[in-house]
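Student: Got a structure for you, written out below as structure tokens; questions coming shortly.
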Amino acid sequence: MNPLKQPQTDHPIHPNLAARWSPCAMADREVSDADLLSLLEAARWAASSRNEQPWSYIVAKRSNAEEFGKVLSCLVDANQAWARHAGVLAIGCYATTHARNGEPNLAAPHDLGAASASLTFEATSRGLLVHQMIGIHPDRARELFAIPAGVEPLTAIAIGYEGDPNSLPEHQRQRDLAPRTRKPLSEFVFSGRWGDSAPL
């Protein structure tokens, strides 16, 4: 792991959680089919409300230039600039209703996030890095991939190996080189009433 990105956690956590970060600099290196299948298997086994498993992924490897180009074109320009070097790109989608009764599934975006988190942790354990993005063109994805009504394209995921941050524009280079920071627990773990830090 890039030593600049090794966090100083306030409490012990699993090394794979500590090692996870989202680079913009990606190496021009392929991701193996075996690794990719294991990442998707990890997503498959994520928890979901009522076991609906509402997530779907549109996946393209860079070695398939046509499909990769289609997924890449669904990203906003700022993300296209660096994500084109990733070994794999994916678009994360979720079903908006419960399969069992057609009622709205309000947990579906959360469950897609849980699946993508599981994918990310599996990637980290394999020496891969994942960068998730909200910056996509959902309507373009819907058109290019014939995404049906009742399914929402929400995020994109770049999967690959760490590249050279010096290949990036200045603002992205500084982002990749900056130490990682997080809010302290006191700012988001409450007890008694909103805003009161939990006495842990």
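Student: Taking the full set of protein chains and a 1.4 angstrom probe, give the accessible area of Y57 in square angstrom, rounded to the nearest 10.
Tutor: 50
Student: Cut-off under 19 Å on the C-alpha distance; same-chain residues fewer than 8 positions from K5 excluded. Which aspartates and glutamates are left, in chain and number order?
Tutor: E122, E162, D164, E170, D176
Student: Right, another one. Put +1 on the Cβ of each Lys and Arg and -1 on the Cβ of each Asp and Glu in the chain; which of A95, Q8, M26 then has its Cα farthest toward the positive end of the dipole?
Tutor: Q8
Student: Can you give me the C-alpha center-to-center distance between the range 163-200 and the range 18-83, rounded to a whole angstrom?
Tutor: Measuring centre to centre over Cα atoms gives 23 Å.
Student: Now for a separate question. Can you spot the lysines whose alpha carbon is less than 30 Å from K70's alpha carbon? Ignore those fewer than 8 places along the same chain.
Tutor: K61
Student: Magnitude of the Cβ-charge dipole of the range 83-200, K/R +1 and D/E -1, about the Cα centre, nearest 20 debye? Before the final figure, lay out each step's value.
Tutor: Values: 11 positive and 12 negative charges, 27 e Å.
Computed charge dipole of the range 83-200: roughly 120 debye.
Student: Right, something else. How much mean residue ellipticity at 222 nm does the chain get from its helices, if each DSSP H run of length 4 or more adds -39500 (n - 2.57) and you divide by all residues, to the nearest 500 deg cm²/dmol?
Tutor: Value at 222 nm, helices only: -9500 deg cm²/dmol.
Student: Something else now. Quick one: order K70, K183 from most to least accessible surface, probe 1.4 Å.
Tutor: Sorted by accessible area, descending: K183, K70.
Student: Another question about this same structure. Running a GNM on the chain with Cα contacts under 10 Å, which residue among N101, N64, N16 ends up with the highest mean-square fluctuation?
Tutor: Among N101, N64, N16, the largest GNM mean-square fluctuation belongs to N101.
Student: Can you compute the charge dipole magnitude of the chain about its Cα centre, using +1 on each Lys and Arg Cβ and -1 on each Asp and Glu Cβ, nothing else charged? Give it in debye, rounded to the nearest 20. All intermediate terms of the calculation are to be shown ahead of the outcome.
Tutor: On the way: 19 positive and 22 negative charges, 55 e Å.
The calculated dipole for the chain is roughly 260 debye.
Student: In addition: Looking at the square roots a ≥ b ≥ c of the eigenvalues of the Cα gyration tensor of the chain, which shape do they give, rounded for a/c under 1.5, prolate if a/b is larger than b/c, or oblate? Don't skip to the end; give the middle numbers.
Tutor: On the way: a/c = 1.69, a/b = 1.04, b/c = 1.63.
The shape class here is oblate.
The values are calculated or read from the model by the stated rules, or taken from the named source; none is laboratory data. These numbers were taken from a predicted model, which means no experiment stands behind them. Quick reminder, even Gly has a Cβ in these numbers, built from the backbone with ideal geometry, and neighbours come from all protein chains shown. Surface accessibility is based on the protein's heavy atoms, side chains included, excluding ligands, DNA and RNA. Shrake-Rupley method; radii C 1.70, N 1.55, O 1.52, S 1.80 Å.
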